[in-house]
Amino acid sequence: MPGRSSKSAAKGEAAASQEAPRDKTGAPAPAKPPAAKAGGHRPKLVLASASPRRLRLLEQAGITPDGLRPANIDESAKKGEAPRHLCRRLARGKAEAIRKLLHSEPEFENSFILAADTIVAVGKRILGKAEKEHEATRCLELLSGRSHRVYSAICLITPSGRIRERIVETRVRFKRLTRHEIEAYIATGQWRGKAGGYAVQGVAGSFVVKLVGSYSNVVGLPLYETLNLLSGEGFPITYFWLNRVEVETA
């Protein structure tokens with residue numbers, strides 16, 4: 001694919017930001033990654049999620065997906081299903097759903113597809129995404145003063161159809177929360193749509209007494225394992241880093 005000079009790429013990105021492009025879901029489209037140099041080729045990456053947290057984590061690692069395609073699948077747990085099994089099943093289900101969707105999008109032919117799912121659990125009890133205040137309150141009451149585990153499953157489908165998976169576990173202990181602290185946190189709204197009823201990257205980070213394992217896993221995407229999967233399958237991670245520096249310093 002013919003490349004653009006770093007100055008041209010910078011101008012193109014500036015214009016794109018002014019137009020505020022949106023993807024097919026209506027969500028803001030991710031910034032367009034730098035194009036490959038003349039004569040070179042870079043495979044595309046599609047993130048099977050509309051999560052701003054996962055997108056920010058990837059961008060923190062220097063990677064901007066070419067497309068965001070959230071998967072619409074049933075995320076209900078089966079009777080007696082273990083947390084690890086559930087998050088692995090959902091991550092793979094999301095990746096495979098988007099692979100089928102991309103058959104109708106020629107521009108993403110031969111792309112890498114990355115999907116993830118995060119589960120919060122106390123023992124075998126799974127704490128789902130809190131959508132209402134009473135759900136978040138129950139989660140925080142359960143997590144108060146005790147340890148819980150956060151599981152994230154990553155599923156990567158390569159352009160050749162190879163499926164690679166990882167499950168990452170982080171142990172987290174909360175301090176004992178007072179009724180006032182729980183009510184004040186609920187008032188922030190930061191719990192909404194979050195597994196376990198909290199977002200560790202926000203105010204709830206002050207509840208954490210101890211965290212053993214990957215912090216980015218608790219946010220929603222374990223970066224170390226994700227980048228290892230991508231690089232192990234030939235995705236050019238450092239290419240993104242170098243091109244980003246060239247654009248920022250042009």
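Kindly evaluate residue 238 against the criterion of being of a type in the set (S, T, N, Q) and more than 21 Å from residue 49 (Cα to Cα).
So residue 238 passes the test.
What residue, of 161, 234, 205, is more than 18 Å from residue 83 (Cα to Cα), of a type in the set (Gly, Ala, Ser), assigned to a helix (DSSP H, G or I) and open to solvent by less than 70 Å² (accessible area, probe 1.4 Å)?
On the way: 161 fails: assigned to a helix (DSSP H, G or I); 234 fails: assigned to a helix (DSSP H, G or I).
The unique qualifying residue is 205.
Quick one: which of 181, 105, 141, 109 is over 15 Å from the mean Cα position of the chain (by Cα) and under 17 Å from residue 195 (Cβ atoms)? Before the answer, list the steps.
On the way: 181 fails: under 17 Å from residue 195 (Cβ atoms); 105 fails: under 17 Å from residue 195 (Cβ atoms); 109 fails: under 17 Å from residue 195 (Cβ atoms).
Just one listed residue meets the conditions, 141.
Does the stretch 99-134 hold any residues that are of a type in the set (Asp, Glu) and either over 23 Å from residue 54 (Cα atoms) or open to solvent by less than 20 Å² (accessible area, probe 1.4 Å) (or both), and which are they?
Residues of the stretch 99-134 that are of a type in the set (Asp, Glu), as a first pass: 105, 107, 109, 117, 131, 133.
Answer for the stretch 99-134, where residues must be of a type in the set (Asp, Glu) and either over 23 Å from residue 54 (Cα atoms) or open to solvent by less than 20 Å² (accessible area, probe 1.4 Å) (or both): 105, 117, 133.
The values are calculated or read from the model by the stated rules, or taken from the named source; none is laboratory data. Computed from a predicted structure; not experimentally measured. Neighbour counts run over all protein chains shown; Cβ positions are idealised from the backbone, glycine included. The accessibility values were calculated without ligands, DNA or RNA, using every heavy atom of the protein model including side chains. Shrake-Rupley method; radii C 1.70, N 1.55, O 1.52, S 1.80 Å.
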